[in-house]
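Notes follow once the structure below has been shown.
The values are calculated or read from the model by the stated rules, or taken from the named source; none is laboratory data. Bear in mind the structure is a predicted one, so any value in this text is a computation, not a measurement. With ideal geometry, Cβ positions are generated from the backbone for all residues, glycine too; neighbour counts draw on all protein chains shown.
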């Protein structure tokens with residue numbers, strides 16, 4: 001089984017690409033979605049409340065907007081949050097991969113695949129790219145957020161060219177090429193490699 005990492009900066013369309021892989025029958029682990037589930041665990045809620053203050057708790061749950069407003073403006077606090085959540089996601093991912101060992105390849109989608117160092121755990125890495133201005137417009141429309149809030153989150157991610165340099169495949173999602181043929185090309189290549 002080939003382990004494949006899939007990433008892209010905010011608004012790049014990585015989730016859309018991961019859904020195409022899923023339609024093709026490829027198992028996809030969505031690290032960001034699983035990380036949100038970790039925020040519902042009682043021990044995690046207590047630890048985060050100790051680290052970031054009781055104001056992030058609402059109705060015995062983490063108020064993700066309040067937590068985001070703290071960590072996306074302070075790199076040290078973002079690093080602290082990641083140091084709590086990432087080991088939990090990594091352990092969960094490992095168990096999931098063991099259960100998928102008969103597949104030719106699996107995909108893990110993660111926003112900060114390179115920033116976290118997770119990319120080193122994968123044989124192949126895919127970067128979904130679109131220009132920043134296009135991504136900003138997408139995120140404003142999707143999340144109903146401000147341009148400054150999107151730019152703030154972008155500042156916590158590596159620039160695209162750094163990720164492209166470390167990627168085995170780059171999917172262009174800038175409306176210059178269709179997405180599905182690009183994903184199909186990669187799918188066929190990875191299926192062949194994983195079936196050997």
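Which residue out of 156, 173 is in contact (Cβ under 8 Å) with a residue 24 or more places away in the chain, in the same structural domain as residue 17 (by TED's automatic domain parsing), in contact with a strand residue (DSSP E or B) (Cβ under 7 Å, 6 or more places away or on another chain) and within 13 Å of residue 10 (Cα to Cα)?
After ruling out the rest, the residue left standing is 173.
So residue 108 passes all but one of these: (1) without any contact (Cβ under 8 Å) to a residue 12 or more places away in the chain; (2) assigned to a strand (DSSP E or B). Which condition number does it fail?
Unmet for residue 108, out of (1) without any contact (Cβ under 8 Å) to a residue 12 or more places away in the chain; (2) assigned to a strand (DSSP E or B): (1).
Of everything in the range 111-127, what is free of Cβ contacts under 8 Å to residues at least 60 places away in the same chain, surrounded by fewer than 16 Cβ atoms within 10 Å (Cβ to Cβ) and not in a helix (DSSP H, G or I)? Give them in sequence order.
Answer for the range 111-127, where residues must be free of Cβ contacts under 8 Å to residues at least 60 places away in the same chain, surrounded by fewer than 16 Cβ atoms within 10 Å (Cβ to Cβ) and not in a helix (DSSP H, G or I): just 117.
Out of the residues in the range 54-86 that are assigned to a loop (DSSP other than H, G, I, E, B) and free of Cβ contacts under 8 Å to residues at least 12 places away in the same chain, which is nearest to residue 143 (Cα to Cα)?
So the residue we want is 63.
Return the total of residues in the range 87-105 being in a loop (DSSP other than H, G, I, E, B) and either touching a helix residue (DSSP H, G or I) at 6+ places or on another chain (Cβ under 8 Å) or free of Cβ contacts under 8 Å to residues at least 24 places away in the same chain (or both).
Of the residues in the range 87-105, 2 are in a loop (DSSP other than H, G, I, E, B) and either touching a helix residue (DSSP H, G or I) at 6+ places or on another chain (Cβ under 8 Å) or free of Cβ contacts under 8 Å to residues at least 24 places away in the same chain (or both).
What number of residues within the range 139-148 satisfy the criterion of being in contact (Cβ under 8 Å) with a residue 40 or more places away in the chain and surrounded by fewer than 18 Cβ atoms within 10 Å (Cβ to Cβ)?
Number satisfying all stated conditions: 1.
Can you name every residue in the range 52-89 that is loosely packed, with under 14 Cβ neighbours inside 10 Å and farther than 25 Å from residue 145 by Cα?
Selection gives 60, 83, 87.
Give the number of residues within the range 20-31 that are assigned to a helix (DSSP H, G or I), surrounded by 13 or more Cβ atoms within 10 Å (Cβ to Cβ) and out of contact with any strand residue (DSSP E or B) (no Cβ under 7 Å at 6 or more places or on another chain).
1
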